[in-house]
1. Quick check: convex hull over the Cα atoms of region 3-93, volume per residue in Å³, rounded to an integer?
2. Does a label point 7 Å from the Cα of Ala307, set along Cα-to-beta-carbon, have any residues of region 225-267 with amide nitrogen under 15 Å, and which are they?
3. What is the distance, in nm, between label points placed 7 Å from the Cα along the Cα-to-Cβ direction at Phe35 and at Asn74?
4. Alpha carbons only, please: Rg and Dmax for region 209-255, in angstrom.
5. Taking only Cα atoms, what is the 0 to 90° angle, nearest 10, from helix 61-72's long axis to the longest principal axis of the chain?
6. Tell me what the chain gives for mean residue ellipticity at 222 nm when only DSSP H runs of n ≥ 4 count, each as -39,500 (n - 2.57), the sum divided by the residue total, rounded to 500 deg cm²/dmol.
7. Tilt of helix 295-308 relative to the longest C-alpha principal axis of the chain, in degrees (0 to 90, nearest 10)?
8. Residues of region 118-153 with amide nitrogen under 12 Å from the 7 Å Cα-to-Cβ point of Arg65?
Amino acid sequence: MMLDDLRTITMLDWLENDLLLTIVSSEPASSDASFRRYFRIKAIEGQFIVMDAPPEKENIEPFIRVAELLANSNVNVPTIFQQNLTEGFLLLEDFGSHCFLDQLTSETVNTLYQSAFDALFKLQSSTHLLDSSLPLYNQQLLQRELGIFEEWFLGHALDIQISPSVWKTLCTILVTTALEQPIVCVHRDYHSRNLMVLTENSPGVIDFQDAVIGPITYDLVSLLRDCYIAWPDHQVDEWVAMYYQKLTQAQLINCTPTCFKYWFDLMGMQRHLKAIGIFSRLHLRDSKSNYLNDIPRTLNYISDVCANHQALFEFGDVIKNQILPALDNFISAANR
């Protein structure tokens, strides 16, 4: 019997014999970039989502802790009905299957994003950091994330080496810019696949277990320069300016619009470098290749930022002359 089958049997045993639910059906709801899986459970008692997080690979306690923290900030996160820490299961409220990405169009985007801005503002303005127990998005963590790009994308995927001085200069600029920003609670994956469209109190916010205390532009750029969907630059600039005014009025920032946009651009670049590294690792190590086609869009964000800031011109040249040619070969080979 496969290990996955054993996990499913253990999950159903917990639901039926420990929680005394009368199960009508059980089907996969989704999986993510980690080892977690989700099942949609229909029972006579109601409909639920079960998180399956094998304890030897995933720790569900951060999810529980952050869920309470965000709920206290009036962010709509799934209610946790039951916990099984020993086996690694959570019985959760079902937010349905319609995420932002499924529903975003030029006609719906302003309404959906306004609800996302409102939820993000609650997260940033109402979450108490001192007693949150959230880790700090510090220099070591930022540098380690950049290392994922260097190791898994440049090294393992493309098998190229770039100038060490160019890479070191880039990392110094990105880390310094991130650390000079005001700090807030950071969801860390605030994008269209983790925001659920609900009939009431939308959006439902999921996948928040990796939350940290970090730069104020991080979640905003995750949303507006999403790895899975792109919007025209002028539209992104309008949204950034609008949210800047909201933060300024709330006295969460005290900087010029130009400074805020610079933070936004470079924070996005750090995030996108990390994302490309993770997408490569998922393909090469975990045989999850469905993220490969998101690499060109994500790399395009990086190229645009490099073109707009003189300090990043050298890395922009590296992308054009070394990375893009190697990327074409890599994706072509992976899709054969």
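None of the figures in this text is laboratory data; all of them are computed from the coordinates on show. None of these values were measured; they are calculated from a predicted model. Virtual Cβ from ideal backbone geometry, glycine too; neighbours counted across all protein chains shown.
1. Numbers: hull volume 9.0 nm³, N = 91.
It comes to 99 Å³ per residue, whole-number rounded.
2. Backbone N within reach: 231-234.
3. With each label point 7 Å from Cα toward Cβ, the separation is 3.9 nm.
4. Rg, Dmax (Cα atoms, Å): 12.0, 32.
5. Long axis of 61-72 versus the principal axis of the chain: about 80 degrees.
6. Working: 12 runs with 154 residues, N = 336.
-14500 deg cm²/dmol, from helical runs alone.
7. The helix 295-308 is inclined about 40 degrees to the chain.
8. 131-136
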